[in-house]
Amino acid sequence: MDNDTLLRRSLDAVWHPCTQMKVHETLPLVPIRSGEGPWLIDFEGRRYLDAISSWWVNLFGHANPRIVAALRDQLDTLDHVMLAGFTHEPVVALSEKLSALTGHALGHCFYASDGASAVEIALKMSFHFWRNTGHPGKNRFLSLAGSYHGETLGALAVTDVALFRDAYAPLLRACDTVPSPDWRLAGAGQSPRDAAVTAAIALEAYLAAHHAEVAALIVEPLVQCATGMAMHDAEYLRRARNLCDHYGVHLIADEIAVGCGRTGTFFAHEQAGIRPDFLCLSKGISGGTLPLSLVMTTDAVYAAFWDDSTARGFLHSHSYTGNPLACRAALATLEIFETDGVIAANRRLAAQITAAAAPLAADPRARHFRNTGMIWAFDAATDDPLFARRFHQAAMARGLLLRPLGNTVYFMPPYVVGGEEIELLVDGTIGALDEVLG
Ligand SMILES: *Cc1c(COP(=O)(O)O)cnc(C)c1O
């Protein structure tokens, strides 16, 4: 199929996500023919650096030969089997490996296919734990201002991004939010840690008053991504953990975006020296090849469901729960982390990118330039409501895929970018800022 035919047929037949389709009257879709390492290649052979890892999922480049080989082998062996009443090697091996990565603190893995479903599972499990242990009144959830946990109705209820939430507000269960520890909110002379302490004090006040009704606090550890890469000090997580323990409230770590090495450690919560009661993973876990999500939890939670009564069990399911192909892709992804020493290598790569981005950090048009692990972000100094779209187009014209969140421009590159690509990332960003902001 040629480029123009594909374009026209896509607009006729495909309803694209997160899009007012009418914008495509003037803004063309970009048909992609293939992917190769950190590059996407269109039908005319133009190459785009995938500097946001295709919505934060692609860790080791497109068509990664090691993941592809594992998938081919798995396809020849077992494509799928239902996980109720059956089991298979990839799901067992993956669960054991992930458990080991948490020091076996979270030794029970429940599977689904997308991030929002993992969040739904964690919320339901938390509530059901309290119900099974004689506290059915603990049925409310707490999230941070600006939180994003997905867009199904349960996940959207704990999401605090007006653009996604407002139209559906009448359908959503009321949930409360507490102030974000975002370090940009620190007052004059305050450190990121001070901002975290201030937010933790507000959390304590909330829990002191409401803990009897609260099942769980859900957080995106270290970086609240979708709201605009709001970064916080690990001190917040330490305090939140203590407060949750003190008040008998679960802590859910939504590491769907920040897990899998994105913040500089394999799990973001490690940087606070804590463990959550529930850990949600998705996005990067399959290396960006197949939809997979999972929730890990503790022996204590698991034990509260272990009973002769069917109804005290966790009866949730999805048709593709624990899909062998997706689990195998995840195993291949974890193997790359091990054999290539990715966490240590990323530390050097991140230092290289931060050094290359020094001109941006010093650019007055780039406010609050910030970095955590393999995430960089700044807030463009503009009131233009169309900034995100204009910047995206200007970057694409330079062979660079960036997709700002409002005024926040961010980089979330695959872990396989090198010198030439880093140069394009920085120069292309400066060029796009020149074009859009002058
Ligand atoms: C993307 C994301 C989700 C939702 O995952 P989907 O696969 O898009 O449903 C949930 N939480 C966080 C933090 C995310 O970034």
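The values are calculated or read from the model by the stated rules, or taken from the named source; none is laboratory data. Treat the numbers as computed from the prediction; the structure is a model and nothing was measured. Every residue, glycine as well, gets a Cβ built from its backbone with ideal geometry; the counts of neighbours run over all protein chains shown.
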Please tell me if L101 is in contact (Cβ under 8 Å) with a residue 40 or more places away in the chain, of a type outside the set (S, T, Y) and exposed (fewer than 15 other Cβ atoms within 10 Å of the Cβ).
no
Of all the residues that make up segment 159-205, how many are surrounded by 19 or more Cβ atoms within 10 Å (Cβ to Cβ), assigned to a helix (DSSP H, G or I) and in contact with a strand residue (DSSP E or B) (Cβ under 8 Å, 6 or more places away or on another chain)?
4
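Enumerate the strands (runs of 3 or more DSSP E) found wholly within segment 250-297, keeping only those where 1 or more residues are away from the ligand (no atom under 15 Å from the Cβ). Give the steps one after another, and end with the answer.
Details: elements: 250-254, 278-281, 293-297.
Output list reads 250-254, 293-297.
For segment 103-158, what are the residues that are aromatic (F, W, Y) and closer than 18 Å to D299 by Cβ?
Residues of segment 103-158 that are aromatic (F, W, Y), as a first pass: 110-111, 127, 129-130, 141, 148.
Once the filter is applied, which keeps residues that are aromatic (F, W, Y) and closer than 18 Å to D299 by Cβ, segment 103-158 yields F110, F129, W130.
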Of the residues S10, S53, S34, only one is in contact (Cβ under 8 Å) with a residue 12 or more places away in the chain and within 16 Å of the ligand (Cβ to nearest atom); which?
S53
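Determine if segment 43-57 includes at least one residue that is of a type outside the set (A, V, I, L, M) and modelled with pLDDT under 95.
As a first pass, look at segment 43-57 and keep what is of a type outside the set (A, V, I, L, M): 43-48, 50, 53-56.
Imposing the further condition that a residue be modelled with pLDDT under 95 reduces the set to 43-44.
Yes, the conditions are met somewhere in segment 43-57.
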Take L156 and decide whether it is assigned to a helix (DSSP H, G or I), more than 18 Å from F127 (Cα to Cα) and within 16 Å of the ligand (Cβ to nearest atom).
no
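Kindly provide the set of residues from segment 114-142 that are of a type in the set (S, T, N, Q), over 14 Å from the mean Cα position of the chain (by Cα) and either assigned to a helix (DSSP H, G or I) or within 11 Å of the ligand (Cβ to nearest atom) (or both), ordered by number.
Within segment 114-142, the first condition is being of a type in the set (S, T, N, Q), and the residues that meet it are 117, 126, 132-133, 139.
Pick out the ones that are also over 14 Å from the mean Cα position of the chain (by Cα) and you get 126, 132-133, 139.
Correct list: S126, N132.
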